[in-house]
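Some notes on the structure that comes next.
The values are calculated or read from the model by the stated rules, or taken from the named source; none is laboratory data. As the structure is a prediction and not an experimental result, all values here were calculated from the model. Counting neighbours? That spans all protein chains shown, and the Cβs are built from the backbone with ideal geometry, glycine included.
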Amino acid sequence: MDPPAEARPSRWALLKEALAGSDRDFARVELRLAIPLLAIPMVFEMAMEAIFAVVDVYFVSRLGPDAVATVGLTESVITLVYAVAIGMAMPVTAMVSRRIGEGDHEAAGRVGGQALILALGFGLLVGIPAPLFADDILAVMGAEPQVVAQGSGYATVMLGFNAVIMLLFILNAVFRGAGDAAHAMRALWIANGINLVLDPCLIFGLGPFPELGVTGAAVATSIGRGIGVLYQVQALARSPRIAMRWEALAPATAIIGKILKLSVGGVGQYLIGTASWIGLVRILAEFGSEVVAGYTVAIRIVIFALLPSWGFANATATLVGQSLGAENPKRAERATFLSGVYNMVFLGLVSLVFIAWPREVASLLTDDAGVLDWAADALYIIAFGYVFYAWEMVLLNAFNGAGNTTTPTIINFIAFWMVEIPLAWVLSHQFQMGPRGVFVSVALAYSLAAILAYIVFRRGRWKSVVL
C-alpha cells in the first residue's frame with residue numbers, strides 16, 4: 001500500500017524540487033508526487049534535445065545543401081548506434097530501478113558499472129575503424145562525390161566518437177533507474193548547451209576558433225557530449241542513490257549477459273518503429289514530393305508535441321521497476337494507470353489544437369501551399385489517435401521498466417508491420433484514399449498498439465519478470 005497522503009507542495013515548490021533533484025524514496029512516496037517529480041526533469045531533458053536538433057541543422061544549413069546532406073546521410077547510419085544505445089538503456093533502467101526498489105544500492109551500482117563497460121566497448125568497436133571507412137559509408141548511402149569530399153571529416157568524427165553517444169544514453173538510463181531524473185536532465189543540458197555554443201564557432205571560425213565547416217558541427221557535438229559524460233561520471237561517483245564505485249567496473253558476466261539479452265528486445269522496438277516509418281515514406285513517395293514533405297513536416301510537429309509525454313512514459317518505467325523491487329506490484333500497476341491518465345489528458349488537449357487548427361500549426365514550419373495542405377491533413381487525421389498514443393507510450397514503457405522488453409517488440413511488430421504498412425497500401429491504393437489512407441493507417445496502428453498493450457498488461461505476467 002502507498003504511505004498515508006502527505007502535505008502536497010505548491011506547484012512552484014514541486015517544480016523547484018523536481019529540477020533541483022528530489023531525495024524522496026520513489027518506491028514508496030505517494031504516486032501523485034512521484035510521477036511529476038520524475039516526469040518534469042525528463043520533459044525538460046527532451047525539450048533540450050529537440051532544441052539542439054533544430055538549431056544544429058540551422059547552422060549547418062548555412063553551408064548549403066551538400067552539408068545538410070552530409071549530416072542526413074551520416075545520421076541515418078548513426079541511427080544504428082542509437083538503436084543499440086536505446087535498446088541497451090531499457091534493461092539498464094529496469095535493472096537499476098529493481099535494485100533500488102530492493103534497497104540494494106551497491107547492486108544497482110554494479111549494474112551501472114557493467115553498463116558503462118558495454119557502452120564503451122561497443123563505442124570503441126565501431127569508432128576505431130571509422131576513419132578508414134567514412135568515405136565508403138557515405139558513398140554506400142548514395143552520397144554524390146562532392147558530398148563525400150565535403151562530408152568525410154564529419155562522418156569520421158561522428159562515427160569515431162560514437163562512444164560518447166553510447167555513454168550519454170546508458171549513464172542517463174542509470175540515473176533514471178535510480179530515480180535521479182534531475183542529473184539525467186543536467187547531463188543533456190550541459191552536453192547540448194556546450195554544443196550549441198561551439199557549433200557556430202567551429203563551423204564558421206568565429207574569434208580564435210578554426211573554421212572547420214560541417215566537420216566543426218561534429219567536433220562541437222563530440223566535445224559537448226564528452227563533457228556531458230564527464231559530468232555523468234562524477235555525479236554517479238558522488239550519488240547517494242547509487243553506489244557506483246571503482247569495484248562496480250570489475251567485469252560481471254552474469255549482469256552483462258542479462259543486459260545483452262534484454263537489449264535485443266529494446267533494439268527491436270526501436271528498429272521496428274524506424275523501419276515502419278521508412279516503409280510509410282516509400283508508399284507516400286508514389287504520390288509526389290509535396291506529399292512526402294507535408295508528411296515530414298507533420299511528423300516533426302507530432303514528435304515535438306509528444307516530447308512531454310516521454311516524461312510520463314519514462315517516469316512510469318522507473319516507478320514500475322522500483323515498485324517491483326520493493327515487492328509492491330499493485331503500486332506498479334497504479335503508477336502505470338495514473339501516468340496513463342495524466343498523459344491522456346495532456347495529449348487529449350494537444351489533439352484538440354491539432355484538430356481545430358491543423359493548418360495554422362503546420363504553417364509554423366512551412367509556407368509552401370502544396371506542402372502545407374498535406375501537412376495539415378496529416379496532422380488533422382493523426383490527431384484522432386492521440387488519446388491512444390498516450391496509453392501506448394506509458395504501457396509499453398511499463399513493460400520495459402519491468403524488464404519485459406520482448407512484449408513491446410511483439411506489439412510493435414504486429415501494429416506497425418502486420419497492420420500499419422499493409423493497411424496504408426490498401427487504403428491509399430485499393431480504396432483510392434491516396435495519402436490520406438496512409439495517415440489513417442498511422443492513427444489506427446497506434447490505437448491498435450495501445451489496445452493490445454492494455455490487454456497484455458491486464459494479464460499481469462510482467463509482474464513476475466525476474467531481473
Assess whether P4 counts as being outside the structural domain of L365 (by TED's automatic domain parsing), within 30 Å of V147 (Cα to Cα) and at pLDDT below 80. no
Kindly indicate whether any position in the range 51-66 is buried (at least 21 other Cβ atoms within 10 Å of the Cβ) and either among the β-branched types (V, I, T) or touching a Pro at 6+ places or on another chain (Cβ under 8 Å) (or both). yes
List the number of the failed condition for L452; all other conditions in (1) surrounded by fewer than 17 Cβ atoms within 10 Å (Cβ to Cβ); (2) at pLDDT 95 or above hold. (1)
Index of the failed condition, V292 passing every other in (1) under 19 Å from the mean Cα position of the chain (by Cα); (2) without any contact (Cβ under 8 Å) to a residue 40 or more places away in the chain; (3) closer than 17 Å to L379 by Cβ: (1)
Using the structure shown, decide if Q269 is part of a helix (DSSP H, G or I), polar (S, T, N, Q), modelled with pLDDT of 90 or more and closer than 30 Å to F439 by Cβ. yes
Search the range 170-190 for residues being touching a Phe, Trp or Tyr at 6+ places or on another chain (Cβ under 8 Å) and not β-branched (V, I, T), and hand back the single one that is farthest from A47 (Cα to Cα). G179
Those residues of the range 134-177 which are of a type in the set (G, A, S), farther than 14 Å from T221 by Cα and free of Cβ contacts under 8 Å to residues at least 60 places away in the same chain, in sequence order: A134, A139, A149, S152
Condition check for R110: in a helix (DSSP H, G or I), basic (K, R), over 20 Å from M42 (Cβ atoms) and assigned by TED's automatic domain parsing to the domain that holds A218: yes
Inside the range 172-182, can you point out the residues that are more than 14 Å from the chain's Cα centre (by Cα) and surrounded by 24 or more Cβ atoms within 10 Å (Cβ to Cβ)? V174, F175, G177, A178, G179, D180, A181
Report yes if some residue within the range 277-287 is under 23 Å from the mean Cα position of the chain (by Cα), outside the structural domain of A115 (by TED's automatic domain parsing) and farther than 25 Å from V426 by Cα; otherwise report no. no
With the requirement that a residue be in contact (Cβ under 8 Å) with a residue 40 or more places away in the chain and in a helix (DSSP H, G or I), what does the range 346-373 give you? F346, L347, G348, V350, F354, V361, A362, G370, V371, L372, D373
Checked pairs for the range 405-429, first free of Cβ contacts under 8 Å to residues at least 24 places away in the same chain, second surrounded by fewer than 17 Cβ atoms within 10 Å (Cβ to Cβ), C-beta under 6 Å and 6 or more apart or across chains, list as L427/M433
Hits in the range 103-126 - residues which are over 21 Å from E247 (Cα atoms) and either among the charged types (D, E, K, R) or surrounded by 22 or more Cβ atoms within 10 Å (Cβ to Cβ) (or both): G123
For F26, which of the numbered conditions (1) assigned to a helix (DSSP H, G or I); (2) buried (at least 23 other Cβ atoms within 10 Å of the Cβ) fails to hold? (1)
Can you find a residue in the range 59-67 that is in the same structural domain as A173 (by TED's automatic domain parsing), among the β-branched types (V, I, T), in a helix (DSSP H, G or I) and under 23 Å from E327 (Cα atoms)? no
Just name the residue that is surrounded by the fewest Cβ atoms within 10 Å (Cβ to Cβ) out of those in the range 207-246 that are of a type in the set (D, E, K, R) and in a helix (DSSP H, G or I). R238
Which of the helices (runs of 4 or more DSSP H) contained wholly in the range 390-461 include at least 1 residues that are more than 19 Å from P91 (Cα to Cα) and β-branched (V, I, T)? 421-425, 435-459
So in the range 250-275, with the set limited to residues that are among the polar types (S, T, N, Q) and buried (at least 20 other Cβ atoms within 10 Å of the Cβ), which one is farthest from the chain's Cα centre (by Cα)? S263
Output the residues belonging to the range 44-75 that are within 23 Å of the chain's Cα centre (by Cα) and among the basic types (K, R). none
What are the residues in the range 98-127 that are without any contact (Cβ under 8 Å) to a residue 24 or more places away in the chain and of a type in the set (A, V, I, L, M, F, W, C), if any? A107, L125
Give me the residue from the range 10-23 that is under 18 Å from G311 (Cβ atoms), surrounded by fewer than 16 Cβ atoms within 10 Å (Cβ to Cβ) and not hydrophobic (A, V, I, L, M, F, W, C) and, out of that set, modelled with the highest pLDDT. K16
P200 is checked against (1) of a type outside the set (D, E); (2) under 30 Å from V320 (Cβ atoms); (3) in contact (Cβ under 8 Å) with a residue 60 or more places away in the chain and fails just one. What number does that condition carry? (2)
